[in-house]
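What follows is a short report on a single structure.
The values are calculated or read from the model by the stated rules, or taken from the named source; none is laboratory data. Source: prediction; values computed, not measured. Heads up, the Cβs are rebuilt from the backbone with ideal geometry, glycines too, and the neighbour counts pull from every protein chain shown. SASA here: full protein model, heavy atoms, side chains in, ligands and nucleic acids out. Shrake-Rupley method; radii C 1.70, N 1.55, O 1.52, S 1.80 Å.
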Amino acid sequence: MSATVNVNGTITDGGTASISVFDRGFLFGEGVYETIRTYNRLPFLYDRHMTRLRRSAARINLACPLDDAAVHARILETVDASAAEEDAYIRLLLTRGVGDLSYDPTTAPTPSLVIIVKPLPEVPAELQATGVAVSLVSVVRNHPDSVHPSIKSNNLLNNALAMQQALQEGTYEALMRNYQGDLVECSQSNFFIVRDGAALTPPLDAGLLEGITRNFVFEVGAAIDVRVEEAVLQDGDLTTADEAFLTSTTREIVPIVRVGARTIGAGHPGPVTQALLAELRRTAAVLSRRS
Ligand code: PMP
């Protein structure tokens, strides 16, 4: 895999980048992260990602040692060093740093900041055209009194286990319920259904990651007169949905045409999903023009 990595300010290629085994990010998954993408080689919605990173970090009593401008400069330096022509996938990780084998944060006073840049894995056009199947998995999203789902935590084992079920079933994503049994989100993306022309997505208090793309879809919908609303969604809503889709930074909007054994709507990507995707891309291109 070709990647360029910045570890605490030092850039190397992915094959030689290294971090201490005593970093709490490695030992305990004790850290937070963001996945950012570029359009036109510029980090998209950067301020929103940094706001979420700082919020996630604060919830685990961690502070980012650099201000937003300094992190931005480090990201651009790493993207430039990657020398790739195409758009970039950027993973920004902030961990507790190196310290004793202990849970005591005071013994690891210096956080680690890692930036991984690699070519953006674009969603294949044929998947966008046909839509994807997802699995409704038995792994439930973290209870809000556990590692709160709104923390974009490096501790991703729960999500990885959910995705393993989807991979075993040969599907594209794992749709999870919360501890109350309501549908919440997928292992790496947010979830929407479309009914009667409106796009509906579970509310934040269902216990989910407040996706940057999820939130952007509210703005995109408003621009093209598509209602986008929060709604509690349950298994039965999959049967009455006209369309469904997932959202994430790297995947934008991907139509879902099957959930487990249930076919969604007519079994192919619907007009509301396609209109939202087209408008999202149009807006992203406008916002990413170089002056
Ligand atoms: N939910 C989860 C659990 C995720 O890991 C992601 C991907 N970061 C998302 C939702 C989508 O968030 P975003 O739109 O900010 O990429």
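Among Phe22, Phe218, what's the order by accessible area (1.4 angstrom probe), most exposed first?
Details: Phe22 100, Phe218 60 Å².
Ranked list, largest accessible area first: Phe22, Phe218.
Kirkwood hydrodynamic radius, computed over distinct alpha-carbon pairs, for the stretch 125-290: how many Å, to one decimal?
Working: mean 1/r = 0.0632 Å⁻¹.
Averaging 1/r across every pair of different Cα atoms and inverting gives 15.8 Å.
At 1.4 Å probe size, with the rest of the protein present, what percent of the exposed accessible area of the stretch 125-290 is carbon and sulfur atoms?
Details: 3620 of 7020 Å².
The nonpolar share, carbon plus sulfur, comes to 52 percent.
The stretch 23-105: which chymotrypsin sites (Phe, Trp or Tyr not before Pro) are DSSP loop and have at most 14 other beta-carbon atoms within 10 angstrom?
On the way: sites: Phe26, Phe28, Tyr33, Tyr39, Phe44, Tyr46, Tyr89, Tyr103; in loops: Phe44, Tyr103.
The qualifying sites are Tyr103.
Can you give the net charge of the other residues whose Cβ lies under 13 Å from the Cβ of Phe28, counting K and R as +1 and D and E as -1?
Values: positive: Arg24, Arg96; negative: Asp23, Glu30, Asp100, Asp104.
Net charge around Phe28: -2.
Counting only heavy atoms of protein chains, what accessible area per residue, in Å², does the chain have with a probe of 1.4 Å?
45
How large are Rg and Dmax for the stretch 22-170 when only the alpha carbon atoms are used, in Å?
17.2, 52
Report the local net charge at Gly270: Lys and Arg +1, Asp and Glu -1, summed over other residues whose C-beta lies under 11 Å from its C-beta. Mind showing how you got there, number by number?
Values: positive: Arg195; negative: Asp242, Glu243.
Value of the local net charge: -1.
Projecting each Cα onto the charge dipole of the chain (Lys/Arg +1, Asp/Glu -1 at the beta carbon, about the Cα centre), which of Thr247, His268, Ile19 comes out farthest on the positive side?
My answer, from the dipole projection, is Ile19.
Normalised by the residues of the stretch 169-217, what does the relative contact order come to in percent, with Cα pairs under 8 Å and at least six apart?
Details: 49 pairs, mean separation 13.0, N = 49.
Computed over the stretch 169-217, the figure is 26 percent.
Tally the DSSP beta bridges in the chain and give the antiparallel ones as a percent, rounded to 5. Numbers along the way, then the final one.
Numbers: 47 of 56 bridges.
Of the beta bridges lying entirely in the chain, close to 85 percent run antiparallel.
Taking θ = phi - 60°, what integer Hz values does the Karplus form 6.51 cos²θ - 1.76 cosθ + 1.60 yield along the stretch 142-150, in sequence order, with x for Gly and Pro?
Along the stretch 142-150, the couplings run 3, 5, x, 8, 9, 5, 4, x, 6 Hz.
In Å and from the alpha-carbon atoms only, list the Rg and Dmax of the chain.
Here Rg and the maximum Cα pair distance are 19.2, 57 Å.
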